[in-house]
Amino acid sequence: QVQLVESGGGLVQPGGSLRLSCAASGSIFSIYAMGWYRQAPGKQRELVARITSGGSTTYTNSVKGRFTISRDNAKNTVYLQMNSLAPEDTAVYYCNAENVRVVGGVLGELWGKGTLVTVSS
């Protein structure tokens, strides 16, 4: 069974940092793109950052210069380094994987269960 497991969420003070990790497990040959989305209470889920297997990255404007996405293709793991956190970054952060090649075919999209990030003093 292929699944995404996030870790690294928690409570942090404004201005602090957190690092999220997401590991894809199972019989995986490759993953085209991995990313992080977030959903704050009462709001729609939004893309935070995305990285392709070739290293191309995309960030939503509100996190540019503060967050950095990276991945280890050999480990099928994606990371999100979050610096200068602000209360408006409070949300459940979800890991996403696109075009996951597995034994028997390709899975279009996978989601993790989410990890809560709370930024508060």
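Within the range 81-102, being within 15 Å of the chain's Cα centre (by Cα) and of a type in the set (A, V, I, L, M, F, W, C) holds for Met82, Ala91, Val92, Cys95, Ala97. Residues of the range 44-78 that are assigned to a loop (DSSP other than H, G, I, E, B) and either closer than 21 Å to Pro14 by Cα or open to solvent by less than 50 Å² (accessible area, probe 1.4 Å) (or both): Gly55, Thr60, Lys64, Gly65, Arg66, Asn76. Number of residues in the range 10-35 that are outside any strand (DSSP E or B) and modelled with pLDDT under 95: the value is 2. Does Arg38 satisfy the criteria of being basic (Lys, Arg), closer than 12 Å to Tyr94 by Cβ, touching a strand residue (DSSP E or B) at 6+ places or on another chain (Cβ under 9 Å) and outside any loop (DSSP other than H, G, I, E, B)? Yes. A search for C-beta distances below 9 Å between a residue of the range 87-113 that is modelled with pLDDT of 95 or more and any residue that is assigned to a helix (DSSP H, G or I), counting only pairs 6+ apart in sequence or on different chains, returns Glu88/Ser62; Asp89/Ser62; Asp89/Val63. Could you please find all residues in the range 103-121 being outside any strand (DSSP E or B), under 12 Å from the mean Cα position of the chain (by Cα) and on the phi < 0 side of the Ramachandran plot? Matches in the range 103-121: Gly112, Lys113. Could you list all residues from the range 29-39 that are closer than 13 Å to Leu80 by Cβ and either among the aliphatic types (A, V, I, L, M) or open to solvent by less than 40 Å² (accessible area, probe 1.4 Å) (or both)? Met34, Gly35, Trp36, Arg38, listed by residue number. Summed over the range 79-102, the residues that are outside any strand (DSSP E or B) and surrounded by fewer than 20 Cβ atoms within 10 Å (Cβ to Cβ) give a count of 6. The residues on offer are Gly16, Gly26, Gly8, and the sole one that is in contact (Cβ under 8 Å) with a residue 24 or more places away in the chain, open to solvent by 30 Å² or more (accessible area, probe 1.4 Å) and either under 16 Å from Val119 (Cα atoms) or among the polar types (S, T, N, Q) (or both) is Gly8.
The values are calculated or read from the model by the stated rules, or taken from the named source; none is laboratory data. Worth saying up front: this structure is predicted, and the values here are computed from it rather than measured. For neighbour counting, all protein chains shown are included, and Cβ atoms are generated from backbone atoms with ideal geometry for every residue, glycine included. Quick note on the areas: whole protein, heavy atoms, side chains included, nothing else; ligands and nucleic acids left out. Shrake-Rupley method; radii C 1.70, N 1.55, O 1.52, S 1.80 Å.
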